[in-house]
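Heads up: the structure comes next, in structure tokens.
Each reported figure results from applying straightforward, stated rules to the coordinates on display, with no laboratory input. Owing to the predicted nature of the structure, the values given are computational and were not obtained by experimental measurement. No Cβ is skipped: glycine too gets one built from the backbone with ideal geometry, and neighbour counts run over all protein chains shown.
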Amino acid sequence: MPDATGLELIAHELGDTVVETAYFRERATLQIDPAAIRATLEHLRGQGYTLLVSVHGVDYYPEEPRLGVYYELLDMSRVDRIAVKLRVPLDSPEVDSVTDAWPTANHQEREIYDMFGVVFRGHPDLRRILMPEDYEGHPQRRDFPIGGEPVIFTYDEAKWLESRA
Amino acid sequence: MEVKRERLRPGAKAPGLPGSSRDLRVQSLNPSQLLRGGDLEGANHPAHLEGTELERYVEERMLTTTLDSAVAWARSNAFFPLAFGLACCAMEQFHAAGPRMDIGRFGFEAFRASPRQADLIILAGRVSIKMAPIIRRLYDQMLEPKWAISMGACCSSMGVFNNYALVPADKFMPIDVHVPGCPPRPESLMHGVLKLRKMVQDDPDMGWRDRYDARGTEEIVADTSAGAAQDGAGGEQDPLPTTLHGMTSPPEDHDA
């Protein structure tokens, strides 16, 4: 883990694309401009953070820009981690895909698309991965209804039969 | 050569031993007499019974039934469950078949790998909405008569996974017995299985199969070669039925 000073140094190298840095509980996080994700990851790869451990999505409802994508990087020789995050607005949730440079991102970007509706430009096969392909909505968004469907038990069967008729 | 069977009266001395030969009573018995125990004496022997006593004797020894009951009895004691597990409940299902619980005692141990050979499906675990059509297809591939057990809370009411991903089994297929629990212990599954046995023997489905249009939903694969020969159509025929007649799914309440 770079310490707080190391994080600032990395942010300085990256320049204006860094929106914010956060160092919390020995976790270094860079928040960047969504358009610069590809350049940032390439730069950090040059610094030794070669392994893309995880890509995941966040919903910051009700804040705006609402959707977030979170990239976790690991330097395997120094056992050093750094996280890169970005936020995209709900009306145009588009990020460049990094699948061609980090193939591990393939399924994870599909999952973020499935669950949060973030569209990854340039992804080779951007389909739903967990939910059925004809499913509507992105179920991990926080404004998605949380409850499941009511179960038909004997006591409400009459109601259900009525609705069928 | 004539075979002569001999039977000693109780308390008689063994033959060949020195003693009074008057105590030794020897009879020649035919096989049916041997089966009856050889007791040719006494007023209780059927040969000596007449009238109401004979009728009572016969009634006490005969069992009358209908063919349906006999068939139901045979079916209910020889289920062939489908070897099918969905989640953690499947572990308990295995244990029910294992040596400690041993549902083989009740004739349930022959787990079948093909739905065509099975007549009972145990939905052991959570059913995701992506899995539901597949399960429904398996159920339709089973031949009548067939039964279904919904095992565990998830399969009956979605349990702790009551969210976007799951669907309760009652929404897409008829279930005969719900076994509650999270997961149910093997004893619970065994209890459910015995309930199902009772249900099959007594047939108290209370008409729900008719209410839910849950009869005659088998998937029958069309004979494509015969069909192509008949109408002469060279086009590819879909060998799999695309529509499931019978039970219709309840209305969708999803707002998403």
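Just a few scattered comments:
- Selection within the stretch B:145-170 - in a helix (DSSP H, G or I), touching a helix residue (DSSP H, G or I) at 6+ places or on another chain (Cβ under 8 Å) and either among the polar types (S, T, N, Q) or more than 7 Å from chain A (Cβ to nearest Cβ) (or both): B:ALA153, B:CYS154, B:CYS155, B:SER156, B:GLY159, B:VAL160, B:PHE161, B:ALA169
- Per-region count, the stretch A:5-28, residues basic (Lys, Arg), outside any strand (DSSP E or B) and surrounded by 10 or more Cβ atoms within 10 Å (Cβ to Cβ): 0
- The sole residue among B:ALA169, B:ALA153, B:ALA124 that is in contact with a Ser or Thr (Cβ under 6 Å, 6 or more places away or on another chain), buried (at least 18 other Cβ atoms within 10 Å of the Cβ) and either closer than 30 Å to A:PRO145 by Cα or among the aliphatic types (A, V, I, L, M) (or both) is B:ALA169.
- Within the stretch B:116-133, the residues that satisfy the criterion of being β-branched (Val, Ile, Thr) and within 14 Å of chain A (Cβ to nearest Cβ) are B:VAL127, B:ILE129.
- Here B:ARG136 clears all of (1) within 14 Å of another protein chain (Cβ to nearest Cβ); (2) touching a strand residue (DSSP E or B) at 6+ places or on another chain (Cβ under 9 Å); (3) not hydroxyl-bearing (Ser, Thr, Tyr) except the condition numbered (2).
- Checked against the criterion of being of a type in the set (Gly, Ala, Ser), within 14 Å of chain B (Cβ to nearest Cβ) and under 28 Å from B:MET131 (Cα atoms), the stretch A:92-112 contains not a single residue that satisfies it.
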